[in-house]
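The structure under discussion appears below in the form of structure tokens.
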Amino acid sequence: MIFIRSLFFSLFMIISTMLTAVSLILLSPLPYRWVVVFSRLYPASIMLALKYICGLRYEVTGRENIPAQTSIIFCKHQSTWETLAIQVIFPPMAFVVKRELLWIPFFGWGLAALRAVAIDRSAGRSAMKQMIEKGTARLKRGIWMAIFPEGTRVAAGSKGRYHIGGAILAAKSGYPVVPVAHNAGEFWPRGQFLKKPGTIQVVIGPPIPSNNRKPEDILAEAKNWIETTVAEISTKPAHC
């Protein structure tokens, strides 16, 4: 039954992704805010499909920690799920992504239409400078930035290496960091087809100030909060 449900969900997601991507391209000449409002229908529909097709729900703790001020989201990266869910939970945002993702048909086109900050990781300092400039510009326009500091999906129960780029953006721009922990990887594991029924726990932490702070200190505080909280809500034994 889980296989059949996962199959129906995957078909729904593929079709929805294609239709949304084409629609975003057609709507791209319109004001960006309008495009973003339309784009949020996509993750909302995926969340509903997961609920009613796969029996996969989620609960959010700490919504009161979402500040009125534009901020930078640091989110644990275990699954595809959180890339969709944070778009429903938080205000309109742009993602920091690997440049190669923009080359993926439909999915990449949608990211480009939403003005994701795409970086070439092999470019070193040049990529970092580009991320800081573009990220700061979006933050000043009231667009939140979403960053997965581990850079890639990490299996539930594991800890990835946290990269400093997002913390440098926070330190340079002065915008606070909002840490997010969850256990989505226990229900929708990375690289796996099956989606297990259950309830994903999402916890939003208090904003971490960045003014007059070193990037290393910002990153260490965010990492400590995220990993500690993930361990508290996880049902899997932790390992490095």
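No lab work stands behind these numbers, since they all come straight from the coordinates. Keep in mind the model is a prediction, meaning the values are calculated, not measured. Reconstructed Cβ throughout: ideal geometry from the backbone, glycine too, with neighbour counts over all protein chains shown.
A compact table of results
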{"read-out": "Isotropic mean projected area of the C-alpha convex hull, the chain (nm²)", "value": "12.4"}
{"read-out": "Within segment 171-202: backbone nitrogen closer than 19 Å to the SER10 label point (7 Å, Cα to C-beta)", "value": "185-198"}
{"read-out": "DSSP-defined beta bridges in the chain - what % are antiparallel, rounded to 5", "value": "15"}
{"read-out": "Mean Cβ neighbour count within 10 Å, used as a protection proxy, ranking 60-69, 102-111, 83-92 highest first", "value": "83-92, 102-111, 60-69"}
{"read-out": "Neighbour-count order for PHE148, PHE12, PHE95, fewest beta carbons within 10 angstrom listed first", "value": "PHE12, PHE95, PHE148"}
{"read-out": "Segment 1-74-segment 193-222 distance, computed between alpha-carbon centres (Å)", "value": "20"}
{"read-out": "Which of TYR42, TYR32 has the fewest Cβ neighbours within 10 Å, and the rest in rising order", "value": "TYR32, TYR42"}
{"read-out": "Förster-model FRET efficiency, 22 Å R0, LEU26 and GLU100, C-beta, rounded to 0.05", "value": "0.35"}
{"read-out": "For q = 0.13, 0.17, 0.18 Å⁻¹, Debye-computed log10 I/I(0) when each Cα of segment 166-223 counts as one equal scatterer", "value": "-0.47, -0.64, -0.67"}
{"read-out": "Largest-first principal axis extents, alpha carbons of segment 113-240, Å", "value": "40, 31, 27"}
